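Notes to accompany the following structure.
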Amino acid sequence: MKVLVINCGSSSLKYQLIDSETEQALAVGICERIGIDGRLNHTPAGGEKVVINKDMPDHEVAVKLVLEELTDKTYGVIGDLSEIDAIGHRVVHGGEKFASSVVIDDDVMAAIEECNPLAPLHNPANLIGIRACQAIMPGVPNTAVFDTAFHQTMEPVAFLYGLPYECYEKYKVRRYGFHGTSHSFVSARAIELLGLDPDNSKVVVCHLGNGASISAVKNGKSVDTSMGLTPLEGLVMGTRSGDIDPAIIEYLAHNMGKSLEEIMTLLNKESGVYGLSGISSDFRDLENAAAEGNEKAQLAQDVFGYRVAKYIGAYTAAMNGVDAIVFTAGLGENNNIMREYICSYLGYLGVSIDQKENAIRSEEKVVSTADSKVKVMVVPTNEELAIARETVKLIG
Ligand code: ADP
């Protein structure tokens, strides 16, 4: 089967066409600046990237352009649109309605829409992408794969906040968690690679990218995760603050003379390692600056790593043990120094890193020593492949 995987943002649309037999991407690309002007980056497997500047007033036009590229004589990878068997959509928020992926019909569309208030920036964009595909490729099945679904196995003890119960019952305020497709994919792969018993395993997954979250996966099921009602909670991230004292919001609004909206922008876009360092949200920039003696750049990285280490301790407690700690996403896969720094706090667990093995980028590999009591490994994430697999399972 050939599955088109779509990840729609408010002004962007990422796509991959995946051959489910070989599990290879035939083409990858992104439409950016939808509704502004429009730019499409398209890369056929093994080929050169092409950049096309064309007006994209809305997502429907963007989808049409993607399909033109996929079937283009020079840059295309399929002869005809009929070769696309299904479309898998990443949907950010499934609330408590979706604990697994689904084939999209009118009821599913309505249920996703009901979750809009929980993810006002993301879900509406996801719906637009789905509608565009339905309009242009009628008859081709669409599936929804939710970022929140994997974490629906969390028990109330993990997902409830210490707020009046009414906030949960009436306003659905609880911890949902995100990056679920990645946590599910990476934990399953680690269990397989390490030969752990799927029904008796305790894995901590550290998804460390620009957005970062960590999960406790017991017997293959998420029992806790660091992101909450929104992706703002938990780890210190590229530009997000992660956990803070909630009283800071009122304190800063008052003292900085900012509105609630401005404070939310500060917490989401101006904080994290970017805000701490005053330099960049990208760890490569921070590493370079720190190497040149910039103390704030070093401090920002240390604050980030320390928070991850604290969460690993908390999740070890939540699962009453840990068999494996797995690093994934841009930073987790590529930054061996950060992996080593985080693990330097975990000696009490019997974690011991093999510096030579750890000197890798984006490879499936155990990076702990042979006698390390807890295995530490790197597993590159592949959310698009996971979405394609889910789609094939549903459409089959
Ligand atoms: P997101 O998908 O949340 O935007 P990514 O998973 O792409 O984020 O991760 C981005 C982070 O990963 C950046 O801070 C970047 O510095 C780091 N990163 C990505 N690739 C590399 C690399 N090859 N070497 C070192 N760091 C990298």
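Structure notes:
- Of all residues in the range 35-59, those that are closer than 23 Å to S10 by Cα and touching a residue at least 40 places away in the same chain (Cβ under 8 Å) have Cβ atoms under 9 Å from Cβ atoms of residues that are in a loop (DSSP other than H, G, I, E, B) and of a type in the set (A, V, I, L, M, F, W, C), 6 or more apart or on another chain, in D58/I34; H59/I34.
- Residues in the range 170-209 that are on the phi > 0 side of the Ramachandran plot and surrounded by fewer than 19 Cβ atoms within 10 Å (Cβ to Cβ) were compared, and the one that is farthest from the ligand (Cβ to nearest atom) is G195.
- Positions within the range 157-179 being closer than 15 Å to E233 by Cα and in contact (Cβ under 8 Å) with a residue 12 or more places away in the chain, in sequence order: A158, F159, L160, Y161, V173, R174, R175, Y176, G177, F178, H179
- Search result, residues across the range 336-365 that are within 12 Å of the ligand (Cβ to nearest atom) and aromatic (F, W, Y): none
- Verdict on A324 being buried (at least 16 other Cβ atoms within 10 Å of the Cβ) and away from the ligand (no atom under 16 Å from the Cβ): yes
- When T239, T328 are checked against the criterion of being at pLDDT 95 or above and under 25 Å from M154 (Cα atoms), T328 stands alone in meeting it.
- Within the range 161-194, the residues that satisfy the criterion of being within 22 Å of G95 (Cβ to Cβ), of a type in the set (G, A, S) and assigned to a helix (DSSP H, G or I) are G180, S182, S184.
- Some residue of the range 266-277 being away from the ligand (no atom under 13 Å from the Cβ) and aromatic (F, W, Y): no
- Search result, residues across the range 134-154 that are farther than 15 Å from E390 by Cβ and surrounded by fewer than 24 Cβ atoms within 10 Å (Cβ to Cβ): Q134, A135, I136, M137, P138, G139, V140, T153, M154
- Unmet requirement for T381, which otherwise passes all of (1) more than 16 Å from the ligand (Cβ to nearest atom); (2) polar (S, T, N, Q); (3) touching a helix residue (DSSP H, G or I) at 6+ places or on another chain (Cβ under 8 Å); (4) not in a helix (DSSP H, G or I): (1)
This table checks each residue for (1) without any contact (Cβ under 8 Å) to a residue 60 or more places away in the chain; (2) touching a Leu at 6+ places or on another chain (Cβ under 8 Å); (3) over 23 Å from S213 (Cβ atoms).
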| residue | (1), (2), (3) |
| --- | --- |
| G257 | yes, no, yes |
| L260 | yes, no, yes |
| S277 | yes, yes, no |
| S281 | no, no, no |
| A290 | yes, no, yes |
| G293 | yes, no, yes |
| G305 | yes, no, no |
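- Of all residues making up the range 359-378, the number that are outside any loop (DSSP other than H, G, I, E, B) and more than 18 Å from the chain's Cα centre (by Cα): 6
- Residues being at positive phi and touching a residue at least 12 places away in the same chain (Cβ under 8 Å) are represented in the range 215-222 by at least one member.
- Only listed residue being outside any strand (DSSP E or B), in contact with a helix residue (DSSP H, G or I) (Cβ under 8 Å, 6 or more places away or on another chain) and among the aliphatic types (A, V, I, L, M), chosen from V108, V5, V63: V63
- Considering (1) in contact with an Asp or Glu (Cβ under 8 Å, 6 or more places away or on another chain); (2) surrounded by 15 or more Cβ atoms within 10 Å (Cβ to Cβ); (3) farther than 17 Å from E384 by Cβ, the lone condition that D72 does not fulfil carries the number (1).
- Pair list, Cβ < 7 Å and 6+ apart or interchain, from the range 372-396 residues that are more than 18 Å from C8 (Cα to Cα) to residues that are assigned to a helix (DSSP H, G or I) and among the polar types (S, T, N, Q): T381/S182
- Selection from the range 66-105 of residues that are β-branched (V, I, T) and part of a loop (DSSP other than H, G, I, E, B): T71, T74, V77, I78, I84, V92, I104
- Number of residues in the range 13-36 that are assigned to a loop (DSSP other than H, G, I, E, B) and surrounded by 17 or more Cβ atoms within 10 Å (Cβ to Cβ): the value is 2.
The values are calculated or read from the model by the stated rules, or taken from the named source; none is laboratory data. None of these values were measured; they are calculated from a predicted model. Every residue, glycine among them, receives a Cβ derived from its backbone with ideal geometry; neighbour counts consider all protein chains shown.
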